[in-house]
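Asks: Below are the structure tokens for one structure; questions will follow.
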Amino acid sequence: MTNKYTYFIANWKMFGNLKTLNSLNNVITFVKKFKKNKIKLIYCPPSTLLSPLNNKLKSTSIDLGAQNCHQGDSYGANTGQINSHMIKAVGAKYVILGHSENRELGENDSLINLKIKNSIKSGLKIIFCIGESLNQKRKKQTKKVLSNQISQGLKKIRNKKNIIIAYEPIWAIGSGLIPKGTEIFEIIKFIKKKVRGSKVLYGGSVNIKNINTLKKIHNVDGFLIGGASQNSKKFIDIIKKTFN
Ligand code: PEP
């Protein structure tokens, strides 16, 4: 890890309710005692939990993020959507954009680019997800795919200091599979060369078993964790093991 902080970002996806938030008491206690200047923890719950979680995280060092937002810069007749101003107003500092689960629902690079631009204008930091499919990996197109996602997604964004990139191979998400350590190292190096000065995280099936391998990849600045972040004990164990 080359960085001051190691990021641990919890993506709860479409899981969780008010009761689930109680399970975070463990994490809050753990973080208070843990090497504070070494980790940056960010929770991204579904939007129904942003406000109650913001209350819970007040006076902790844990930050809040949303999982997506509408691309618009203003308020409007967009049933079921929330914009980046609303996310900022509820107390969140981050928003995940470009997640493959939303790309699969039809989000393309130019839509993601608009979301990123307007979210930055609202004062949010971006967790920008990129990644290749298994088919693209087999065809050795990974770098080409990532390169396109980066240049389209970050088009006309000069100041990238509020953008964290999460490399998430689609085939690794929720599958229990991860790329080889050497592959992740190569890809992170490639991304960092393309977006100078960026922090780059790895995401996709991070768990208590593979964290020993993942933590040895020196250019990774942290992890975006889905499934394993929904269980506080597992999440804490992954953080502990990263530093053991
Ligand atoms: C994700 O969806 O961002 C993710 C990393 O999921 P999982 O850890 O469950 O593979």
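Asks: Do any residues in the range 102-117 that are more than 15 Å from residue 162 (Cβ to Cβ) and open to solvent by 50 Å² or more (accessible area, probe 1.4 Å) have Cβ atoms under 7 Å from those of residues that are in a loop (DSSP other than H, G, I, E, B) and at pLDDT 95 or above, where the two are at least six apart or on different chains, and which pairs are they?
Replies: 114/71
Asks: In addition: Out of curiosity, is residue 50 hydrophobic (A, V, I, L, M, F, W, C), within 20 Å of residue 93 (Cα to Cα) and surrounded by fewer than 20 Cβ atoms within 10 Å (Cβ to Cβ)?
Replies: No: the conditions fail for residue 50.
Asks: Which ones in the range 164-187 are touching a residue at least 24 places away in the same chain (Cβ under 8 Å), of a type in the set (Val, Ile, Thr) and more than 10 Å from the ligand (Cβ to nearest atom)?
Replies: Within the range 164-187, 164, 165, 184, 187 qualify.
Asks: Given the condition within 16 Å of the ligand (Cβ to nearest atom), surrounded by fewer than 17 Cβ atoms within 10 Å (Cβ to Cβ) and either of a type outside the set (Gly, Ala, Ser) or not in a loop (DSSP other than H, G, I, E, B) (or both), answer yes or no: does some residue in the range 137-145 qualify?
Replies: no
Asks: Just the residues that are modelled with pLDDT of 95 or more and farther than 19 Å from residue 215 by Cα, please, taken from the range 32-53.
Replies: Passing the criteria: 43, 44, 45, 46, 47, 48, 49, 50, 51, 52, 53.
Asks: Now for a different question. Within the group 75, 94, 7, which residue is without any contact (Cβ under 8 Å) to a residue 40 or more places away in the chain and of a type in the set (Phe, Trp, Tyr)?
Replies: 75
Asks: Inspect the range 218-232 for any residue being open to solvent by 60 Å² or more (accessible area, probe 1.4 Å), hydrophobic (A, V, I, L, M, F, W, C) and without any contact (Cβ under 8 Å) to a residue 40 or more places away in the chain and give the result as yes or no.
Replies: No: zero hits.
Asks: Report, by residue number, each residue of the range 191-205 that is within 13 Å of the ligand (Cβ to nearest atom) and open to solvent by less than 10 Å² (accessible area, probe 1.4 Å). Walk me through it before giving the result.
Replies: Restricting attention to the range 191-205, the residues satisfying the condition of being within 13 Å of the ligand (Cβ to nearest atom) are 201-205.
Listed by number, the residues that qualify are 201, 202, 203, 204.
Asks: May I pose another question? Hey, does the range 224-239 have a residue that's more than 24 Å from residue 22 (Cα to Cα), touching a strand residue (DSSP E or B) at 6+ places or on another chain (Cβ under 9 Å) and outside any helix (DSSP H, G or I)?
Replies: no
Asks: A further question follows. Select from the range 119-132 the residues that are open to solvent by less than 50 Å² (accessible area, probe 1.4 Å) and over 18 Å from the mean Cα position of the chain (by Cα) and list them in ascending order.
Replies: Within the range 119-132, 122 is the sole residue that qualifies.
Asks: Could you list, in sequence order, the residues of the range 94-111 that are more than 18 Å from residue 155 (Cα to Cα) and either part of a loop (DSSP other than H, G, I, E, B) or of a type in the set (Lys, Arg) (or both)?
Replies: Scanning the range 94-111 gives 104, 105, 106.
Asks: Here's something else I'd like to know. Report the residue count in the range 38-53 for those that are within 26 Å of residue 240 (Cβ to Cβ) and not in a strand (DSSP E or B).
Replies: Final tally of qualifying residues: 4.
Asks: Separate question: Suppose the filter is open to solvent by 60 Å² or more (accessible area, probe 1.4 Å) and away from the ligand (no atom under 16 Å from the Cβ); does residue 161 pass it?
Replies: Working: open to solvent by 60 Å² or more (accessible area, probe 1.4 Å): yes; away from the ligand (no atom under 16 Å from the Cβ): yes.
Considered against the rule, which asks whether it is open to solvent by 60 Å² or more (accessible area, probe 1.4 Å) and away from the ligand (no atom under 16 Å from the Cβ), residue 161 comes out as yes.
Asks: Taking the residues in the range 55-93 that are within 16 Å of the ligand (Cβ to nearest atom) and in a strand (DSSP E or B) as candidates, determine which candidate is surrounded by the most Cβ atoms within 10 Å (Cβ to Cβ).
Replies: The extreme case among them is 66.
Asks: Restricting attention to the range 1-30, which residues are open to solvent by less than 30 Å² (accessible area, probe 1.4 Å), closer than 25 Å to residue 167 by Cβ and either of a type outside the set (Ser, Thr, Tyr) or more than 16 Å from the ligand (Cβ to nearest atom) (or both)?
Replies: 8, 9, 10, 11, 12, 27
The values are calculated or read from the model by the stated rules, or taken from the named source; none is laboratory data. All values derive from a computational prediction rather than experimental measurement. Because the Cβ atoms are built from the backbone with ideal geometry, glycine has one as well, and the counts that use them run over all protein chains shown. When the accessible area is computed, the model is the full protein with side chains, heavy atoms only, and any ligands, DNA or RNA have been set aside. Shrake-Rupley method; radii C 1.70, N 1.55, O 1.52, S 1.80 Å.
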